[in-house]
Structure formats: C-alpha cells, structure tokens
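The values are calculated or read from the model by the stated rules, or taken from the named source; none is laboratory data. Here the structure is a predicted model, which is why all the values come from computation and not from measurement. As a convention, Cβ positions derive from the backbone with ideal geometry for all residues, glycine included, and neighbour counts pool all protein chains shown.
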Amino acid sequence: MSIGVVYDPVYLEHDTGPHCEVAPRLIRTMEHLQETGVMEQLTRIPARPATVKELSRVHSEGYINYVESFAERGGGYLDPDTVVSKGSYKAALFAAGGLMNAVDAVMDGAVEHAFALVRPPGHHALRLEAMGFCLFNNIAVAARHLLASRGLKRVMIIDFDVHHGNGTQDEFYHDREVLYLSTHEYPFYPGSGATTETGEGAGSGFTVNIPLPSSCRDEEYLRAFEEIVTPVAKRFRPQFILVSAGYDAHWADSISMMQVSTTGFAKMSRIIKGLADELCGGRLAFVLEGGYHVEALATSVRATFDILRGVTDIVDPLGQPENTWRLPDIEERLNEIKKIHRLG
C-alpha cells in the first residue's frame, strides 16, 4: 500500500511574521513524521506551481495578478487576518499545484491515497478575495482540475476544519458535480455554514453543513460522521473524495472551543478512508488547512497517515481533554440536518 505525501520547502517562504499560521506548523509536522519513522514509509510526490489557467477556474485573473504584484512589492495584509510576504505568491502557487499533483498521482495509480502538506491554506479564499489566512482555494482548484482535466463527474469535498470553508462552499454552491460537506463550530468565524445553506439552482442539496456547538468531543463528531457524512456520501457515490483537513478543533488548540483529540481525528479519517475504498476505488486526497498547536497538529497528521497506511493502533500522546464541564447535546441538530437532506 503506497501512500503519497506532498511537501516542499517553498511553503516555508510564506512568511507571516507574528501570526498563528506560521512555518513552524509544517516544520514540526515534518520533524515528527521523520522522528516516528512514518516519512520513510511514504511516497514523495513533488510539488509544482499551479498555472494561471488552472487557478482561473476558481479565481479571477485580475485577483491572481493582484496577489502576485502585492507580493512582489513586499506584501502586507490583504485583509485583517491574511498576511502576504515576498515569497507568498510562489508558495501559494505550489500549494495549489502540489495538491493537483497529489490527486493526479492517485488518479494514475502511482499511490493509493495522498496527503498534501501545504501552506498557505485555502478553504476561505473567495473568487475575488483573500480571507482567513488563505490566498488561493487549493481544494477548489483541485476539484475543478478533476472535473476539467481528469473527466470526473462527481467529486465530494469533506471539510473537518473547525471553521466553515466559505470559499469552497461559494465556489460550488450552484454545482451538482461537487458535493461540499462541512463540520464546523457554529456560530464562529466566518459566520457562514448554517444548516439552511444547501446550495442553489442545479446545486440545490449538494451543500451539506453540519454546524456544531462549542465543546464537541470525539463522540459528537463521530456521530455526525456516522449519521450524516456516511449516508450523504453513499447517496452521492463520488468518484473522488477530497478532504480539507484542518486540525484546529483539537482540544489543545486555543483558536477554537472544540474538544476533539488526535484519536478523534484518526477515527474520522478511518471513516473517510472506508467511504473512499467502498465508493470510489480508494481515490482519496487530504490537504492541510488549519491546526495551530504545533504538537497537536503534528500528532494528528501522523495519526491520519497511520490510518491511510492501515495502521490499527493510534498513538495519541496528548490524550483526551480534561475539560468536560459542558457536554453538548447535538441530537436536535442532527435530526434537523437529516430532515433537510432527507436522510431517512
């Protein structure tokens, strides 16, 4: 079983200064994969820069050119959260291109599954606007690539970042070829992702949001995956599953109020892998989004790779959260989503 990994030092050239989305996120993750012997078990997939033509399937050429010129002038803040340095445009090109290389490697049978460890992240980036640490929407570009260049008709995007992927949702909101499904803390940044946001026109019903209250633990997330994600995927029958893998719902990550453990992320990844194996011949690629506690991120990425490699024993050095003072009841929310999407 060959599992692919995309990583390139160019991602470290995206210099965000005093920020939470920083190069040490990838540096520590790569160190951990090396220290634990996981990296030597993986197949390296080279990154490449996305072309303007490929990016323009998702973003306007004017916006792409603006990001390039903004970086060339030394960068700054594109919005209150999104930093650009001189090396950011190049890093962003290689982030989108790296994921496209990952999905091509899966499509060509060079690897069974793949994980693109890239930055900057992408799922908040809009057609004309940077947002939430994101410059280009890597996963949307990859999905468009699968449709336009690989001849697929049904692509499913699963987004378990703690923040709703508003940019990805917007890109495919009127599209029935790409089903976008998100689990996220709600209400929370960026404010989108209500259960009633289900797509419009031809895309009606092909956006599935699972907004969860704060303090959800592994148990609540796994219920959502078993009761919503699994039946939605089986009904859609994707030809490829893409995953926006954000690990900022981890209990140790101060950016959110969720209580997911490394073990929880591993179990979610196991469900996703099972769906890919059952529904689309194992065609599955993850791309890194959030996750800002470097140890929680590193151990969770390692656990995801272990699941993809078929390892059954999950190593979770951080363990379960100590704070269980508020245990949310998601029964009503799940029932609401089942009713909206006619899930039994």
(request) Working only within segment 40-53, note down all residues that are touching a residue at least 60 places away in the same chain (Cβ under 8 Å) and in contact with a helix residue (DSSP H, G or I) (Cβ under 6 Å, 6 or more places away or on another chain). (result) ILE45, ALA47, ALA50
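Within the group LEU334, LEU275, which residue is touching a helix residue (DSSP H, G or I) at 6+ places or on another chain (Cβ under 6 Å), modelled with pLDDT of 95 or more and farther than 16 Å from ASP218 by Cα?
Only one candidate passes the filter, namely LEU275.
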(message) Here are the criteria: (1) surrounded by fewer than 16 Cβ atoms within 10 Å (Cβ to Cβ); (2) in contact with a strand residue (DSSP E or B) (Cβ under 9 Å, 6 or more places away or on another chain); (3) assigned to a helix (DSSP H, G or I). Tell me which single one VAL301 does not satisfy.
(response) (1)
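Return the residues of segment 304-333 that are part of a helix (DSSP H, G or I), over 30 Å from THR36 (Cα atoms) and touching a strand residue (DSSP E or B) at 6+ places or on another chain (Cβ under 8 Å); say none if nothing qualifies.
If the condition is that a residue be part of a helix (DSSP H, G or I), over 30 Å from THR36 (Cα atoms) and touching a strand residue (DSSP E or B) at 6+ places or on another chain (Cβ under 8 Å), then ARG333 is the only one that fits.
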(message) Name the single residue that is farthest from ARG44 (Cα to Cα) among those in segment 263-318 being of a type in the set (Val, Ile, Thr) and more than 16 Å from the chain's Cα centre (by Cα).
(response) THR263
(request) Tell me which of these SER60 doesn't satisfy, since it passes every other one: (1) farther than 20 Å from ARG48 by Cα; (2) buried (at least 24 other Cβ atoms within 10 Å of the Cβ). (result) (2)
(request) Looking at (1) within 19 Å of HIS145 (Cβ to Cβ); (2) assigned to a loop (DSSP other than H, G, I, E, B); (3) small (Gly, Ala, Ser), find the lone condition where GLY4 falls short. (result) (2)
(request) Find all pairs meeting these conditions: Cβ atoms under 8 angstrom apart; at least six residues apart or on different chains; first residue within segment 253-266 and on the phi < 0 side of the Ramachandran plot and charged (D, E, K, R); second residue crowded, with 24+ Cβ neighbours inside 10 Å and assigned to a loop (DSSP other than H, G, I, E, B). (result) ASP253/VAL162; ASP253/TYR247; ASP253/GLY291
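Just to confirm my filter: which strands (runs of 3 or more DSSP E) fall fully inside segment 25-123 and include at least 1 residues that are among the β-branched types (Val, Ile, Thr) and at pLDDT below 95?
Output list is empty.
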(request) Output the residues belonging to segment 7-24 that are part of a loop (DSSP other than H, G, I, E, B) and either more than 29 Å from GLY282 (Cα to Cα) or of a type outside the set (Phe, Trp, Tyr) (or both). (result) ASP8, HIS14, ASP15, THR16, GLY17, PRO18, HIS19, CYS20, GLU21, VAL22, ALA23
(request) Hey, can you tell me all the residues within segment 183-223 that are crowded, with 21+ Cβ neighbours inside 10 Å, touching a residue at least 40 places away in the same chain (Cβ under 8 Å) and within 21 Å of VAL141 (Cα to Cα)? (result) THR183, VAL208, ASN209
(message) Checking SER254 against (1) outside any loop (DSSP other than H, G, I, E, B); (2) in contact with a Cys (Cβ under 9 Å, 6 or more places away or on another chain); (3) under 21 Å from SER300 (Cβ atoms), only one condition comes out false. Which one?
(response) (1)
